[in-house]
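All remarks here apply to the structure that follows.
Read-outs throughout are calculated quantities, based only on the coordinates presented, and are distinct from any laboratory measurement. Since the structure is predicted, the reported quantities are computational estimates derived from the model, not experimental observations. For neighbour counting, all protein chains shown are included, and Cβ atoms are generated from backbone atoms with ideal geometry for every residue, glycine included.
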Amino acid sequence: MNELIEIGLSTVKRHPSLPFSIYCANDEQHIVNVPIANPLLVVVLSGSKTLIDTEEVNCNAGDFVFMANTPQVAMRNIPRNFGYIAY
């Protein structure tokens with residue numbers, strides 16, 4: 001997993017106009033009312049993501065979640081050893 005993180009970070013630094021991004025966080029985040037305008041694939045590389053709807057969905061490092069268009073979603077990004085990192 002560390003190799004994927006390193007490759008992704010260096011690729012984004014060299015080519016900033018790629019059609020994906022890497023999101024990193026060192027502190028736990030509670031994010032609410034996030035609109036998802038286009039379908040979105042989130043691959044968790046470090047830490048975990050919790051989607052909060054009628055029931056919670058947890059995605060740990062190595063998991064992914066495909067999010068469809070939605071007017072609002074609530075989520076938590078939870079860092080672990082190396083923080084929270086997702087493509």
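Out of 16, 34, 71, whose Cα points farthest toward the positive end of the dipole of the chain (charges: +1 Lys, Arg; -1 Asp, Glu; placed on Cβ)?
Sorting the options by dipole projection puts first 16.
Residues with amide H under 5 Å of residue 82's amide H, sequence separation 5 or more or different chain, H placed in the peptide plane at 1.01 Å from N; which?
Excluding prolines and chain starts, which carry no amide H, the hits are 47.
For the chain, set up a Gaussian network in which alpha carbons nearer than 10 Å are linked by springs, and say which option among 33, 77, 58 fluctuates the most.
Among 33, 77, 58, the largest GNM mean-square fluctuation belongs to 33.
Report the charge-dipole magnitude of the chain in Debye, nearest 20, computed about the Cα centre from +1 at each Lys and Arg Cβ and -1 at each Asp and Glu Cβ.
Value, rounded to 20: 300 debye.
Relative to the longest principal axis of the C-alpha atoms of the chain, give the angle of the C-alpha long axis of helix 2-14, reported between 0 and 90° and rounded to the nearest 10°.
80
With a cut-off of 8 Å between alpha carbons and a minimum separation of six or more residues, what is the relative contact order of the chain in percent?
For the chain, the relative contact order is 38 percent.
Quick check on packing: order 9-19, 41-51, 65-75 by the mean number of other C-beta atoms within 10 Å, highest mean leading.
So the order, starting with the most tightly packed, is 41-51, 65-75, 9-19.
If you filter the chain for GluC sites (Glu not before Pro), then keep DSSP loop positions with at most 16 other Cβ within 10 Å, what is left?
Those that pass, being in a loop and sparsely packed, are 28, 55.
When each pair of different Cα atoms in the chain is counted once in the 1/r mean, what is the Kirkwood radius in angstroms, to one decimal?
13.5
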